[in-house]
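First up is the structure itself, then whatever we jot down about it.
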Amino acid sequence: MRLLAPLLLPLALCAPTNPSRSLPELSVSQWSAIQSGVFHRISSLTSWSWSKAEEVVHDIEADLGIPTTLNRDGNDESKTIWEQLKDDPNSFSRLVKILEFEGKACKYLDDKDLSITFFAPNNDALKPPEHHHDHDHDGDHDHDDDGDEDDAVLAELTSSPSLAILSSALEREPTLLLKEQDSDSDSDSSDDDKKKRRKEILRKIAGYILQYHGLTEAYTARELATNSTFPTALKAHDGSYGGLHRRIKVEKSLVPPSLKLNGYAKVLVSDRKASNGYFHTLNHPLLPPPSILDELFLFPDFFSTLTSAVQQVHKAWALDWSYDRNKSKSEGKPHFHGVPLATAFTPSNAAFHLLPLKLKIYLFSPYGRGALIKLLAYHYVPETLLLTEFFYSEHKHHHHGPEHFDFGMAGSDDDPSFHKEFDIHTGLHNATIKVEIDKTKFLPVEGAVKITLKANGQIAEAIDIPARNGAWHVLNKVLVPPHHHHGHHDHDEHHAAAHIVSDDCWDSWEEWFPAWAENAQA
């Protein structure tokens, strides 16, 4: 393939500098080229794209008789995702062991008729977590607590469904990988039934997690970079999320060029082509997200004021969706508490810090409790999933059933740009937030997009954070609810309510906020 170097010299002027790669291996994602600091060189290539460059390379290779079944990582593209994972034990032996234990996902990944995407945590990502064991002072150890350890593994997986924890369990208990007929013994039948039931539970949890690592369509890295979120193969089965496919959030970094999923799982190797789609190597396994409330608790430095506020007014349940173990046992069926679907505009600690001191004292005092409830309700959108590229609502004001809009998926159009404006109903009666969503293609190559969301004109600092029971968007200013100017008359009510939402209104809060709080209906 080095014969192609002279032919591709013009492309080298725009390619990212990487001495470890030869010139023919230019099939890097378009957005990676953009993010590596060559904006000024690419902006003039209006009629060119890296996909076209790849087509030229493949045509020249075909003319020269160079085999093209191997991709840049040396993988045989004629093999399925499952076959390639098995062929690379140095990278994926732990993942393969989990897939073989679960049984169904490997058949899915081996289906040649599909066109899918799979995010594959490598062996380093699935290293067993370190556990610190307590020891008796006399040095004795109790080895008769296998049942307790079994329960601990299930409890850990229930609270934190991670492939790393599952991988650790399979390494500690290799008998889990044995077929039923091979694991039979002379032990008590009730003990066998308990082990079989535990094994089946572990398999179901494994299947649940593995589905969250897959997308039902095939996407390259540059296509993934085009959208903010994507639906996974995992459907909500616990009564939450409208029964929709749970989503992952995709973030791209400009310098260095990279993709990150859900804010923590980095794509190490992208675009590993297989006969039934693509798989991308991750440095961390994906975890199906917890509730909005649980996620806010993970960031006390940013959201402790908000979580304190919702707890103080006893409204934490409105952001939660969690399994009630005791009630489930007593009723004999799964029971959850909280709200199954909601979107929250979450003010950060910095947002609350900007409020006048006297207002904060009032809100967090017994006298301002009612006002705090209504202010929080204005930041809350019940029965609705609002994302920048997807909208779903079960709100009671929709008389013809759920409302559902998909603003466009990656690969559906050469130009994914759009602008949407609409009012969305909040937790307050007859109070709405004006939402503006902009998706802009800022360079003429795939993946070079910018997505913004505004609430009442305020740009969200972080968008589309997925949760078990919806999504949330971060605001660095507390939203000003629509209210009346002092002295306005009823005939001008619409004009006043529509326009008095400027940030400086908080400076004069004593003139309008107590009256607004008294009249607003939660």
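The values are calculated or read from the model by the stated rules, or taken from the named source; none is laboratory data. Note that the structure is a prediction, hence the values are computed from the model and not measured. In this analysis, Cβ positions are derived from the backbone assuming ideal geometry, glycine residues included, and neighbour counts consider all displayed protein chains. These accessible areas exclude ligands, DNA and RNA; they are computed on the full protein's heavy atoms, side chains included. Shrake-Rupley method; radii C 1.70, N 1.55, O 1.52, S 1.80 Å.
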Q) Label 7 Å along Cα→Cβ of S160; region 309-324 residues with amide nitrogen under 20 Å? A) 321-323
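With r defined as the distance between the Cβ atoms of E200 and L354 and R0 fixed at 51 Å, what FRET efficiency is calculated, to the nearest 0.05?
Details: r = 52 Å, r/R0 = 1.03.
Once the sixth-power term is evaluated, E becomes 0.45.
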Q.
Quick check: pseudo-label points 7 Å beyond the Cα along Cα→Cβ at A515 and F407, how many nm apart are they?
A. 3.6
Q | Separation in nanometres of the label points that stand 7 Å from Cα toward Cβ, at K420 and T175 | A | 5.3
**Q.** Residues N123 and K434, FRET efficiency given R0 of 60 Å [Cβ-Cβ distance, rounded to 0.05]
**A.** 0.80
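List, in the order given, every pair from K374/K454; K107/K235; K86/K107; K127/K194; K235/K434; K315/K360 whose Cα-Cα distance in the structure shown is over 23 Å. Let's see the in-between values first.
Details: K374/K454 21 Å; K107/K235 19 Å; K86/K107 13 Å; K127/K194 28 Å; K235/K434 30 Å; K315/K360 18 Å.
Table pairs above 23 Å Cα-Cα are K127/K194; K235/K434.
Which value, in Å², gives the accessible area per residue of region 308-347 when a 1.4 Å probe is used on the protein heavy atoms? If you can, show how the numbers build up before the last one.
On the way: 2090 Å² over 40 residues.
So region 308-347 comes to 52 Å² accessible per residue, rounded to a whole number.
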